[in-house]
Structures are given as C-alpha cells and as structure tokens.
Amino acid sequence: MFIALNRTVLAMAGLRLLSASIELTAALLFLRFNRVEAALRINSVLGLFGPAIFMLVSLFGIAGLSGGVEPIRLAAILCGVALVLWGTAGR
C-alpha cells in the first residue's frame with residue numbers, strides 16, 4: 001500500500017538519517033584509528049554537526065507548521081529552539 005509522505009517530514013527524517021550516518025562513520029573511524037587523540041579530533045568535528053542538524057531540522061519543522069499554527073505559538077516554538085541552543089552553548 002502506498003502512503004503519501006509529507007515533504008517536510010521527509011526532509012526532517014532525511015536530515016536525521018544523514019546525521020546518524022555521520023555519527024556511525026565517526027564511531028567506525030574511532031575504531032579504525034584506535035587512538036584517543038584521533039577520537040577526540042573526530043569528536044570535535046561532530047560537535048559542529050550536532051547543532052547544525054538540530055537547527056536545520058527545527059527550521060524545516062517550523063516552516064512546515066507556519067501555515068497552520070497561530071503566530072504566538074510559532075513564536076513560542078522559536079523561543080524554545082533558541083533556549084535549547086543557548087542552554088547548550090559552550091562557554
């Protein structure tokens with residue numbers, strides 16, 4: 001049976017699959033290099049991808065909601081995303 005997928009949900013899922021693929025590749029590289037120094041370098045690169053993927057997925061979701069959600073609720077969602085980023089930002 002064919003199920004029509006929402007394009008926004010498909011884009012969000014695709015980004016999460018990309019993120020998972022990057023994480024899995026990094027874990028395999030940890031094992032391949034078998035050195036703590038290399039693992040820390042790889043992990044630092046992953047630190048850049050996490051927030052970027054989070055922001056992109058959130059933006060797709062917010063864009064998908066923008067037509068069917070009241071503006072005040074949309075503002076609350078945007079504030080929530082901003083607070084998560086602010087709360088997890090390094091010093």
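What is the P(r) of the range 11-59, as percent of Cα-Cα pairs per 10 Å bin from 0?
Pairs per bin, as whole percents: 26, 47, 22, 5.
If I ignore ligands, DNA and RNA and count only protein heavy atoms, how much of L31 is accessible to a 1.4 Å probe, in Å² to the nearest 10?
130
Tell me, what is the 1.4 Å probe accessible area of R35, in Å² to the nearest 10?
Using a 1.4 Å probe on the heavy atoms, I get roughly 120 Å².
Ignoring ligands, DNA and RNA, what accessible area per residue does the chain give at 1.4 Å, in Å²?
79
In whole percent, and with a 1.4 Å probe on the protein chains, what portion of the accessible area of the chain is carbon and sulfur?
Carbon plus sulfur share of accessible area: 71 percent.
Using θ = phi - 60° and the Karplus relation 6.51 cos²θ - 1.76 cosθ + 1.60, list the HN-Hα couplings for the range 37-54 in order, rounded to whole Hz, with x at every Gly or Pro.
Once θ is set to phi - 60°, the couplings for the range 37-54 become 4, 5, 4, 5, 5, 4, 4, 5, 5, 4, x, 7, 6, x, x, 5, 5, 4 Hz.
Taking a cut-off of 18 Å, what percent of all Cα-Cα pairs in the chain are separated by more than that?
On the way: 2421 of 4095 pairs.
Summing the P(r) tail past 18 Å for the chain gives 59 percent.
The values are calculated or read from the model by the stated rules, or taken from the named source; none is laboratory data. Bear in mind that the values here come from a model prediction, so they are computed numbers and not experimental data. Heads up: the accessible areas ignore ligands, DNA and RNA and are worked out on the full protein's heavy atoms, side chains in. Shrake-Rupley method; radii C 1.70, N 1.55, O 1.52, S 1.80 Å.
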